[in-house]
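Trainee: Below is one structure. I have some questions about it.
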Amino acid sequence: MILATPSSRVAATLLSLTGMLRNAAAIAVENPQRITRPLHALNDIQGPAGNLHGIIFERTTACLVRNEANSVDVGLRALDSQTGKTADIDVLCW
């Protein structure tokens, strides 16, 4: 499980981006790098953000179907006994 706590660098970047958006036009004329720098720094959170989306999807799906199923399992790995390949099962309801 990956914790969804942003690093101080990401938090600082988001604060900078918020301030920049308030005065974007004036900042762009004065110093264009103040706009591009925070946007590039946000690339650091794309991977964790994708993981968080997956976790939210799994938990939401499990909550929606838990009243309709006998059992709900989240985040399992399945093994094909014939090929030895494995696959992720996000939500298994039975």
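The values are calculated or read from the model by the stated rules, or taken from the named source; none is laboratory data. All of these numbers come straight from a predicted model, not from anything done at the bench. Counting neighbours? That spans all protein chains shown, and the Cβs are built from the backbone with ideal geometry, glycine included. Surface accessibility is based on the protein's heavy atoms, side chains included, excluding ligands, DNA and RNA. Shrake-Rupley method; radii C 1.70, N 1.55, O 1.52, S 1.80 Å.
So that you can scan it fast, the table gives a plain yes or no per residue for (1) hydrophobic (A, V, I, L, M, F, W, C); (2) assigned to a helix (DSSP H, G or I); (3) open to solvent by less than 70 Å² (accessible area, probe 1.4 Å):
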{"residue": "10", "(1), (2), (3)": "yes, yes, yes"}
{"residue": "14", "(1), (2), (3)": "yes, yes, no"}
{"residue": "28", "(1), (2), (3)": "yes, yes, yes"}
{"residue": "34", "(1), (2), (3)": "no, yes, no"}
{"residue": "43", "(1), (2), (3)": "no, yes, no"}
{"residue": "55", "(1), (2), (3)": "yes, yes, yes"}
{"residue": "84", "(1), (2), (3)": "no, no, yes"}
{"residue": "89", "(1), (2), (3)": "yes, no, yes"}
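Trainee: In addition: Among 47, 84, which is the only one that is free of Cβ contacts under 8 Å to residues at least 60 places away in the same chain and either of a type in the set (Asp, Glu) or over 30 Å from residue 10 (Cβ atoms) (or both)?
Mentor: 84
Trainee: Regarding segment 59-79, can at least one residue be identified that is among the charged types (D, E, K, R) and open to solvent by less than 40 Å² (accessible area, probe 1.4 Å)?
Mentor: no
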